[in-house]
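Quick notes on the structure that follows.
The values are calculated or read from the model by the stated rules, or taken from the named source; none is laboratory data. Computed from a predicted structure; not experimentally measured. As a convention, Cβ positions derive from the backbone with ideal geometry for all residues, glycine included, and neighbour counts pool all protein chains shown.
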Amino acid sequence: MVFWQVIFPKYQSYKYEKVAREYFKTNLFEDVQKEISSKQTQGLQVDFLNQYPNIRIYQNFLVDVVAVPELLNKDTFQQVWCGQWNTLTEIEPRRRSAMMNVLEQDNVTFYSVTKDKFGKEIFSFQQRISDCPNFAKIREAKQGEVIEETQEVTFMPTAAPAVSSHQSEAAASVQ
């Protein structure tokens, strides 16, 4: 009786974690690379380096680009990377729990570096999966439950402070 209530569930969890860890080391990142390569636009080269638990993604533009600071927002990138893990809710809860344990215990981290055609870095980003804001929601979700996406981060320009152009105005404000 003790075997089925205590030992077997722990053995099953260990087995699921072992399978999940092996999947993260090999198959998952091959699948991600195939998906990104199929969507790859001309003028952009994407390379992956799987040094589990550190996953590095190098993006090199092969054409001239102009970096737009508002588009290189780290909060937006975090939202995109973390949102991709929401699909784990489709997995049976015990297996998902094992995957989440592996992501947390191994500190799986993505590093992304984007360079222009001359090799100058224009953006870099890193995200530990267990630090994603939706990580706890994924762990606690029921099978098939859809996790709501957080609101899209929008860049809102602000007005520049007024600057006086006359010395007499500055002198008057000091007195």
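At a glance:
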item	result
Selected residue (criterion: modelled with the highest pLDDT) from residues of region 147-165 that are surrounded by 10 or more Cβ atoms within 10 Å (Cβ to Cβ) and β-branched (Val, Ile, Thr)	Ile147
Scope region 70-111; condition modelled with pLDDT of 90 or more and outside any helix (DSSP H, G or I); matching residues	Ile91, Glu92, Asp106, Asn107, Val108, Thr109, Phe110, Tyr111
Enumeration of residues in region 120-143 that are outside any helix (DSSP H, G or I) and more than 9 Å from the chain's Cα centre (by Cα)	Lys120, Glu121, Ile122, Phe123, Ser124, Pro133, Asn134, Ala141, Lys142, Gln143
Candidates Gln51, Gln59, Gln79 - the one that is in contact (Cβ under 8 Å) with a residue 40 or more places away in the chain and more than 27 Å from Gly144 (Cβ to Cβ)	Gln59
Leading residue by the ranking (farthest from Asn101 (Cα to Cα)) among those in region 1-35 that are touching a residue at least 12 places away in the same chain (Cβ under 8 Å) and hydrophobic (A, V, I, L, M, F, W, C)	Val32
Residue among Asn50, Asn60 that alone is surrounded by 11 or more Cβ atoms within 10 Å (Cβ to Cβ), more than 16 Å from the chain's Cα centre (by Cα) and not in a helix (DSSP H, G or I)	Asn60
